[in-house]
C-alpha cells in the first residue's frame, strides 16, 4: 500500500541545488522519480518503477 502520492525534496550535489520529485499514484503500480536542476528546470532525469510488474530473472 502506498502512503502518499507526491513528495518534493531539495538535494545538493557538488554544490548545485536540485529538486527531486517522487510521484506515486495509488490507482496503479508505477512510481516515478524525477530530478530537475533548480536553476533551469528545462531538463530532468527520470526513473520509472513498475512495481509488481517488474520481474527480475537472474541469468
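Just so you know, all these numbers are worked out from the coordinates, no wet-lab data involved. Quantities reported herein were computed from a predicted structural model and do not represent experimental measurements. Please note: Cβ atoms are built from the backbone with ideal geometry, for glycine as well, and neighbour counts cover all protein chains shown.
Over the Cα atoms of region 6-53, each weighted equally, I'd like the Debye log10 I(q)/I(0) at q = 0.16, 0.28, 0.29 Å⁻¹, rounded to two decimals. Normalising to I(0) and taking log10 leaves -0.48, -1.01, -1.05. The calculated FRET efficiency for the pair residue 48 and residue 17, based on their C-beta separation and a Förster distance of 25 Å, comes to about 0.60. Residue ranges 6-17, 29-40 sort as 29-40, 6-17 when ordered by packing (mean number of other C-beta atoms within 10 Å per residue, highest first).
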